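Worksheet: one structure, shown below.
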């Protein structure tokens, strides 16, 4: 029998799947249901210093290739969110807190508050492709990635995982910058900046005009990013983008990821997708002669 347990910078997981930020994670009840459905951990909604409404509808468009969204980071604010984290904890969930802000000080302030809620790690949303005027735009500046990461590391004792953007020329340089800033791990990738137009209306399909593309179309990009990052840094990587099966997850793991995050696949497959992924992963690992997930991490580099 294959041992599915894994660990990311000291965060122990019963299996290598996580709920990706932005899906069923605005309330503690929904995060609890995801964990009870089989996820190894849940990542919270990206939370900022104050409540934020987000963008007007339409904010989501389903495409053949995946999902296009420009939700605008709606959230209740860090103070109100404490009760949601506690509800998830009550169900036994391993919770990772995702945070954002307009500058390094806000990131640090929100992260420090989130850390008091009992989360196991902090994910830094540095890479939302449609949140104009927020710190999430800094994903295109290496010095800023290092600065923001360091600002958060200086105020929390938890592992810190910057989430990086694929909308850059070379994502590895940003991973290196994050590592220099003290990051304990890297999350790659966030969505790709994209757009859809509704011909009948002669206008963009999203109210925000452009948004972030997720789903199967971006998986090869995510796998390549994880592979390249693992060639350059010495900290764990969490793979994200288009994962809907055990085979998909193993692509990321063999590229070097210690764990993976699942989001868009929940829409088409429901919460059962987590058990589907882990069961298929275990079967494929056993067939390939592996006894555990860690044994398979990064084998494609050989």
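Read the figures in this text as sums done on the coordinates, not as results from a lab. Computed from a predicted structure; not experimentally measured. Methodologically, a virtual Cβ is constructed for each residue, glycine included, from the backbone with ideal geometry; neighbour enumeration extends over all protein chains shown.
Just to be sure I understand, if you calculate Cα Rg over 2.2 N^0.38 Å for this structure, which of [x] 1.12; [y] 1.08; [z] 0.92 do you get?
[z]
Quick one: if you stick a label point 7 Å off each Cα along the C-beta vector at residue 288 and residue 168, how many nm between them?
2.8 nm
Only Cα pairs within less than 10 Å get springs; with that Gaussian network setup on the chain, which residue of 229, 189, 78 has the largest fluctuation?
Taking springs between Cα atoms under 10 Å, the residue moving most is 78.
Over the chain, what is the relative contact order in whole percent, taking alpha-carbon pairs under 8 Å and six or more residues apart?
Once divided by the residue count of the chain, the mean separation gives 20 percent.
Nearest 500 deg cm²/dmol is fine: what mean residue ellipticity at 222 nm does the chain get from its DSSP H runs of n ≥ 4 alone, each adding -39,500 (n - 2.57), divided by its residue count?
For the chain, the value works out to -10000 deg cm²/dmol.
Taking the chain as a Gaussian network, Cα atoms linked when under 10 Å apart, which of 69, 208, 190 shows the biggest mean-square fluctuation?
Of 69, 208, 190, the Gaussian network model singles out 208 as fluctuating most.
Cα atoms only: what Rg and Dmax, in Å, come out for the range 1-61?
Considering the range 1-61 through its Cα atoms, Rg and Dmax are 14.7, 49 Å.
Stick to the Cα atoms of the range 218-300, pair each with every other, and give me the Kirkwood hydrodynamic radius in Å at one decimal.
12.7 Å
Please work out whether the range 47-104 counts as rounded, prolate or oblate from its C-alpha gyration tensor, where a ≥ b ≥ c are the square roots of the eigenvalues and a/c under 1.5 means rounded, while otherwise a/b larger than b/c means prolate and anything else oblate?
Because a/c hits 1.5 or more and a/b fails to exceed b/c, the range 47-104 counts as oblate.
Enumerate the residues in the range 14-37 having an amide nitrogen under 16 Å from the point lying 7 Å beyond the Cα of residue 279 toward its Cβ.
Only 37 pass the distance filter.
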